[in-house]
């Protein structure tokens, strides 16, 4: 396999990605877990999640943490970045935003008949608004599964 130059996409890598359209008009890409025989935890976080307050229209800023134990599928990070940035001009209450993100990743990572059970967690830590910080957590990680 030839390593692509910066800004290029390898045909082999492109073919390995599966585009998953979501019910909200967004999409995420996934690839097959390269370590199917192992159980391991993947964690990432970003401070790039922003949306608009549906009441005032002011921007809300969120530190998003994501943890999952892969089975067959893993999400592709570039598509995650675009997915997260797609909320920028949308109005959402915190609870709805984080539960929607959880549901989208549950749909992409785990088949319909075998939803995440202790294998997926999404945490949104929102900047203080009105003097009150808010953290929304959806899902759990069962470390006994590792």
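Each value in this text was obtained by applying a stated rule to the coordinates, not by laboratory testing. Just so we're clear, the structure is a prediction, and the values are computed from it rather than from any experiment. Cβ sites come from the backbone with ideal geometry, for glycine too, and all protein chains shown count toward neighbours.
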Read-out P(r) over Cα pairs in 5 Å bins from 0, in percent, derived from the coordinates shown; its label in (1) 2, 9, 17, 21, 18, 14, 10, 6, 2, 1, 0; (2) 2, 10, 22, 25, 24, 14, 4, 1, 0; (3) 2, 9, 16, 20, 17, 10, 6, 5, 4, 4, 3, 2, 2, 1, 0, 0, 0: (1)
Students often get this wrong: which residues of the range 44-77 have the backbone nitrogen under 14 Å from the point 7 angstrom along Cα-to-C-beta of residue 93? 53-56
For the range 55-139, calculate the relative contact order in percent as a whole number, restricting contacts to Cα pairs under 8 Å that are 6 or more residues apart. 41 percent
Projected label distance in nm at residue 53 and residue 115, using a 7 Å step from Cα toward the beta-carbon: 3.2 nm
Roughly what angle does helix 94-109 make with the longest principal axis of the chain, taking Cα atoms, 0 to 90 degrees, to the nearest 10? 10 degrees
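Multiply the residue gap between residue 81 and residue 16 by 0.36 nm, knock off their C-alpha separation, and tell me the result in nm, one decimal place. Walk me through the intermediate numbers first.
Numbers: separation 65, 0.36 × 65 = 23.40 nm, distance 1.85 nm.
That pair, residue 81 and residue 16, stretches by 21.5 nm at full extension.
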Here, the range 34-117 modelled as identical Cα point scatterers in vacuum has Debye log10 I(q)/I(0) at q = 0.13, 0.16, 0.19, 0.22 Å⁻¹ of -0.47, -0.68, -0.89, -1.10
